[in-house]
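Encoded as structure tokens, the structure appears first; notes follow it.
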Ligand code: ARG
């Protein structure tokens, strides 16, 4: 285990047990960027000489693109985490009289939370990209299937005649809510800088934390040093959104599996997502959806793990917290995968028109509108007509509205109606466009943060002879 002042020379079995070095691969680049910004700030606030800052910056800049080189060190199992490994690398390369400055005015704790937030911003970007792609596929399919008749179910029973486009747009709108949530959480929770607060309750080094936050394209700082270093609210809040999203996606997956079941059979899952049985050659099992459903269940397990770890920890940093973070990356990975699968399925999904026609002609799926229309035209109360229609359906004498009429007659906003669906499609297109713009701004912040830090790094070295 790397322990000052021995620098990597002590080894004991604990290092293997407590080390986060493998998990830290996820945030290694972000830790380097954080340290770079810290060293630049140490120089700017007048605490370390330019030559020292420049040497450290150059070494870090080199490592940024070659993280794997650090991971190929023979003594990897001696380090508690990537922060220690990085420090040891700098000490080996530059000597302790230079590299030894990096410990000033910081702790691993303010650096690890900064790295988490930088990484989380990228995870949100990757999630949002995939959600938007899925929404685009849903909208495209809705446009192609604008008029296609479909059946809506409640309580698992055929309920009303509808449009397939309307069904698809219901999923699109749910996904839009989650993009909204993610963007809100980014702004209000994730993109706040804890950097520069130092160890548990602060530092005597005159670091300008706002300047650091600006460089990293965070919109503000989190103030209280204890809160900055010990809180994992950004993980819990992200975890709760991803858990909800996994529940929502599970419902979509369940519905697809059910609607494709030959006993209902009104949709056809694309061939490449189906596997056959090794014994029963007639089977077309919705294989990718079944695996997706199971993995979405694992997201909830990851969330329970995350909460279980964090709930035990009092104020201040405990090493337990190190074990919490990977659960969020796991949740995000599973969800991104499912989003990709669903995008592919929805871009190729087909409606079994014969089956829809058959069910619509056999089942009284226009009963609700028949009652409504009779009520509107006759002036008699809804319940009287409802009871009369129910009796006639039981006797087999009901004369129900044809499905085409029902689709033409629906008028309220958000209904499945031939008149209203174009408006719903164009609204979906404009909200998608708006969210793509927000995504572009997010991508810009990610890229700009890196270029700001690199530019500041060049400025530190600029006036020095090489
Ligand atoms: N690897 C640690 C984590 O991820 C970094 C902070 C360690 N701090 C400490 N005081 N041991 O949480």
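The values are calculated or read from the model by the stated rules, or taken from the named source; none is laboratory data. This structure is a prediction, so every number in the text was calculated from the model and none was measured. Note: ideal-geometry Cβ built from the backbone for every residue, glycine included; neighbour counts use all protein chains shown.
Each residue in the stretch 95-123 was checked for being within 12 Å of the ligand (Cβ to nearest atom) and either assigned to a helix (DSSP H, G or I) or touching a helix residue (DSSP H, G or I) at 6+ places or on another chain (Cβ under 6 Å) (or both), and 11 pass.
Within the stretch 411-418, does at least one residue satisfy the condition of being surrounded by 15 or more Cβ atoms within 10 Å (Cβ to Cβ) and in a helix (DSSP H, G or I)? No, there is no match, as no residue in the stretch 411-418 is surrounded by 15 or more Cβ atoms within 10 Å (Cβ to Cβ) and in a helix (DSSP H, G or I).
For the stretch 389-399, the count of residues that are out of contact with any strand residue (DSSP E or B) (no Cβ under 9 Å at 6 or more places or on another chain), farther than 30 Å from residue 291 by Cα, buried (at least 18 other Cβ atoms within 10 Å of the Cβ) and modelled with pLDDT of 95 or more is at least one.
Conditions (1) farther than 28 Å from residue 107 by Cα; (2) out of contact with any strand residue (DSSP E or B) (no Cβ under 8 Å at 6 or more places or on another chain), marked per residue:
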| residue | (1), (2) |
| --- | --- |
| 306 | no, yes |
| 317 | no, yes |
| 320 | no, yes |
| 346 | yes, yes |
| 356 | yes, no |
| 376 | yes, yes |
| 381 | yes, yes |
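Against the criterion of being surrounded by 15 or more Cβ atoms within 10 Å (Cβ to Cβ) and more than 16 Å from the ligand (Cβ to nearest atom), residue 59 qualifies. All of (1) over 21 Å from residue 59 (Cα atoms); (2) more than 24 Å from the chain's Cα centre (by Cα); (3) modelled with pLDDT of 95 or more hold for residue 101 with one exception: (1). Annotation: residue 305 fulfils all but one of (1) in a loop (DSSP other than H, G, I, E, B); (2) within 16 Å of the ligand (Cβ to nearest atom); (3) surrounded by fewer than 19 Cβ atoms within 10 Å (Cβ to Cβ); the unmet one is (1).
The set of residues in the stretch 216-259 that are surrounded by 15 or more Cβ atoms within 10 Å (Cβ to Cβ) and assigned to a loop (DSSP other than H, G, I, E, B) comprises 216, 217, 218, 222, 231, 232. Evaluated against (1) more than 29 Å from residue 308 (Cβ to Cβ); (2) modelled with pLDDT of 95 or more; (3) in contact with a helix residue (DSSP H, G or I) (Cβ under 6 Å, 6 or more places away or on another chain), residue 275 falls short on exactly one condition, (2).
Just one of the numbered conditions (1) within 16 Å of the ligand (Cβ to nearest atom); (2) touching a helix residue (DSSP H, G or I) at 6+ places or on another chain (Cβ under 6 Å) is not true of residue 331: (1). If the condition is being within 17 Å of residue 265 (Cα to Cα) and surrounded by 18 or more Cβ atoms within 10 Å (Cβ to Cβ), then the stretch 133-152 contributes 148, 149, 150, 151. State yes or no: is residue 300 in contact (Cβ under 8 Å) with a residue 40 or more places away in the chain, touching a strand residue (DSSP E or B) at 6+ places or on another chain (Cβ under 6 Å) and surrounded by fewer than 21 Cβ atoms within 10 Å (Cβ to Cβ)? No; evaluated as a whole, the condition is false for this residue.
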